[in-house]
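Participant: Okay, here's the structure, questions in a sec.
The values are calculated or read from the model by the stated rules, or taken from the named source; none is laboratory data. Fair warning: this is a prediction, and the values are worked out from it, not measured in the lab. Reconstructed Cβ throughout: ideal geometry from the backbone, glycine too, with neighbour counts over all protein chains shown. Note: areas computed on protein heavy atoms with side chains; ligands, DNA, RNA excluded. Shrake-Rupley method; radii C 1.70, N 1.55, O 1.52, S 1.80 Å.
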Amino acid sequence: MAPSRISPEPISSDVEGLTADRLSFFHENGYLLLPDYLSQQQCDNLLTKIRTMLSDFSLADHPMTKFTTGESEEHVGDAYFLESGDKVRFFFEEDAFDKSTGDLSKPKERAINKIGHNLHGMIPEFGSISHEGKIGRRNAAIARDLGYRDPRLLQSMVICKQPEIGGAVPSHQDNTFLYTDKPSAVGFWIALEDATVNNGCLSFAPGSHRRAPVKERFVRKSDNSGTTFDRVEGDKQWPRDFEHDEAEKQEEYVLGEVKAGTLVLIHGNILHKSEKNLSQKGRIIYTFHCIEGEEHYDERNWLQIPGGAAAFTKLDGSA
Ligand code: FE2
């Protein structure tokens, strides 16, 4: 079924945390749009930084790692990816290469799918949009209202969704990729450019976070040679009384078209996806994820940093 449209409601810039209405929308639907979270100037500043990074990174020593998602047999999992948790690394779009020659078919500035996974810790412009300063305090207030006791920021990314080649992301749950026992991830997703149906905006299956259990998790292979999906044991699945596959087919998706500056909160269990960007417009966003520090994050997860889970950045407003 074609996604229907949803229209964001405005938010005033001096509100701390989430109002009861917004919190209740999030609990009911599994996502929430907060327009005007960043000003156009703040978006422009970040876009300028991102464009500089895209033009400055070197191809000379790059392994040309592509970011692939979901259903393909090949999962990203080389050392460049597995060791990116505490670094800033650049991953290519699958379609940025000429299939016959293997050479880049786009200028490198137009070929990167995403940059990650420690922008927040290494680049002040991103730290100040995630865990530091005024916006960091507001993010912390949101995390508190969402029920986190010890919110930990474990990764951050810029996703470029490049014009003409920006890859589709099939329906998934973020808890699959950022697994805790029990699942606890929430995504903070900020549009820096308008996201529309034409350039591959998100769409959500409202309420699916209350129905769809996390049945698999994205892990490192035991010999660290790559990544794979492991089944989550039945007694760890939540919610437990749901026939996932059948019900998932019946989910209806709504479009999350948003203006630049909008913050989208994404429950780790909600089914969401985005289509390919075939337009001439980019769709650059900045996103970071929180997990509950009191839940167990183990060494099988693909994302590891020196010091282990205890070293994940606190999102508690103290920075
Ligand atoms: Fe996602």
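Participant: Going residue by residue through region 41-53, is there one that turns out to be closer than 23 Å to LYS259 by Cα, of a type in the set (Asp, Glu) and at pLDDT 90 or above?
Facilitator: Looking through region 41-53, at least one residue is closer than 23 Å to LYS259 by Cα, of a type in the set (Asp, Glu) and at pLDDT 90 or above.
Participant: Give me the pairs, please: first residue somewhere in region 257-270 and farther than 15 Å from ASN29 by Cβ and near the ligand (Cβ under 10 Å from one of its atoms), second residue anywhere and open to solvent by less than 10 Å² (accessible area, probe 1.4 Å) and of a type in the set (Lys, Arg), beta-carbon distance under 7 Å, and either six or more positions apart or on two chains.
Facilitator: none
Participant: Suppose we keep only residues that are closer than 27 Å to ARG231 by Cβ and within 16 Å of the ligand (Cβ to nearest atom) within region 181-194. Which one would you say is most open to solvent (accessible area, probe 1.4 Å)?
Facilitator: PRO183
Participant: Going by the structure shown, is ILE291 modelled with pLDDT of 95 or more, among the β-branched types (Val, Ile, Thr) and not in a loop (DSSP other than H, G, I, E, B)?
Facilitator: So ILE291 passes the test.
Participant: Right, next: Can you pull out the residues in region 65-88 that are part of a loop (DSSP other than H, G, I, E, B), open to solvent by 60 Å² or more (accessible area, probe 1.4 Å) and modelled with pLDDT under 90?
Facilitator: Hits for region 65-88 are GLU71, GLU73, GLU74.
Participant: Turning to a different aspect of this structure: Would you mention how many residues in region 19-55 are out of contact with any helix residue (DSSP H, G or I) (no Cβ under 8 Å at 6 or more places or on another chain), open to solvent by 50 Å² or more (accessible area, probe 1.4 Å) and without any contact (Cβ under 8 Å) to a residue 60 or more places away in the chain?
Facilitator: Count: 10.
Participant: Between a first residue in region 155-178 that is touching a residue at least 40 places away in the same chain (Cβ under 8 Å) and open to solvent by 30 Å² or more (accessible area, probe 1.4 Å) and a second residue that is part of a strand (DSSP E or B) and within 14 Å of the ligand (Cβ to nearest atom), which pairs have beta carbons less than 6 Å apart while being 6 or more apart in sequence or on different chains?
Facilitator: Every condition considered, the pairs that remain are ILE159/LYS114; ILE159/ILE285; VAL169/LYS273; VAL169/SER274; PRO170/LYS273; SER171/LYS273; PHE177/PHE218.
Participant: Next up: Within 18 Å of the chain's Cα centre (by Cα), hydrophobic (A, V, I, L, M, F, W, C) and either open to solvent by less than 50 Å² (accessible area, probe 1.4 Å) or more than 18 Å from PHE188 (Cα to Cα) (or both) - does that describe any residue in region 91-99?
Facilitator: yes
Participant: So for region 196-208 (the condition being at pLDDT below 95, at negative phi, within 16 Å of the ligand (Cβ to nearest atom) and not in a strand (DSSP E or B)), does at least one residue qualify?
Facilitator: Yes.
Participant: State whether the residues of region 109-128 include one that is under 25 Å from GLN280 (Cβ atoms), open to solvent by 20 Å² or more (accessible area, probe 1.4 Å) and part of a helix (DSSP H, G or I).
Facilitator: Yes: one or more hits.
Participant: Right, another one. How about region 284-319: which of its residues are without any contact (Cβ under 8 Å) to a residue 24 or more places away in the chain and either aromatic (Phe, Trp, Tyr) or at positive phi (or both)?
Facilitator: Passing the criteria: GLY307, GLY308.
Participant: Can you find, within region 14-40, the residue that is farthest from GLU125 (Cα to Cα) among those that are at pLDDT below 95 and of a type in the set (Gly, Ala, Ser)?
Facilitator: ALA20
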